[in-house]
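Before any comments, here is the structure.
Throughout, read-outs are computed from the coordinates displayed, never taken from laboratory work. In this text the structure is predicted, and so the values were computed from the model without any measurement. A quick note on method: Cβ atoms are made from the backbone with ideal geometry, for glycine too, and the neighbour counts reach across all protein chains shown.
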Amino acid sequence: MTSDRSMLDPHADHPTPSQQGYDFSEQVGHLLRKAYQRHIAIFQRHVAEKQLTAIQFVTLCTVMERGPSSLTDIVNATAIDPATLRGVIKRLKAREWVRLSTDPRDQRKVMVVITEPGEALVEEMVPEAKRISDATMANLNPAEQVALMHLLDKMNADPAA
């Protein structure tokens, strides 16, 4: 005989996550996602150039630091997935913050090159980016901030290295 609950809910006979001892709100992935969403909200609130996203800024910083870079180089440096990066590059190019060229050694390889306006934007943004990072960690004392950065580095380290 089926209960009234199971007639209304076909999943009623299956244990819920909490009945299995799982609370998503206490899981590392959920907490990291919430912290990242908080950081992005702080970034958007404080960024001077409202058209600039955090991922676009990281991409610009990468190309400015490394010089002309292939999409693969940028993916490896930033951990931005290739499909997302293609969209980011398209928007940066439309704003004339980067331009595309070919690698002189391999004409098939597309290279991303930062433009003077892109460099000027990064230079202007760096002090604000530091304040955004500080605001993201404002709820932590200095020792906790150091510990968080150490733990995130450790979590993101290549286990094979």
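See the values below:
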| read-out | value |
| --- | --- |
| For segment 75-161, the Rg and Dmax computed from alpha carbons only, in angstrom | 17.4, 51 |
| Residue-by-residue Karplus 3J(HN,Hα) for segment 40-46, coefficients 6.51, -1.76, 1.60, Hz, glycine and proline x | 5, 5, 5, 4, 5, 6, 9 |
| Partners for Lys109 among aspartates and glutamates (Cα-Cα distance below 14 Å; same-chain residues under 8 apart left out) | Asp73 |
| Fully extended contour minus Cα-Cα distance, from Glu26 to His46, at 0.36 nm per residue | 4.3 nm |
| HN-Hα J in Hz across segment 76-81 - Karplus 6.51, -1.76, 1.60, θ = phi - 60°, x for Gly and Pro | 5, 7, 10, 6, 7, 5 |
| Sequence of Thr72, Thr53 once ranked by neighbouring C-beta atoms within 10 Å, starting from the fewest | Thr72, Thr53 |
| Cross-link pairs Lys93/Lys154; Lys93/Lys130; Lys34/Lys154 - those with Cα-Cα distance over 28 Å | Lys93/Lys154 |
| Net charge dipole size for the chain [Lys, Arg +1 and Asp, Glu -1 on Cβ; Debye, nearest 20] | 520 debye |
| Label-point gap, in nm, between His150 and Gln19 - each point 7 angstrom along Cα→Cβ | 4.3 nm |
| Cα-based shape type of the chain, given that a ≥ b ≥ c are square roots of the gyration tensor eigenvalues and the cut on a/c is 1.5 | prolate |
| 0 to 90° range, to nearest 10: angle between helix 82-94 axis and the chain longest Cα axis | 40 degrees |
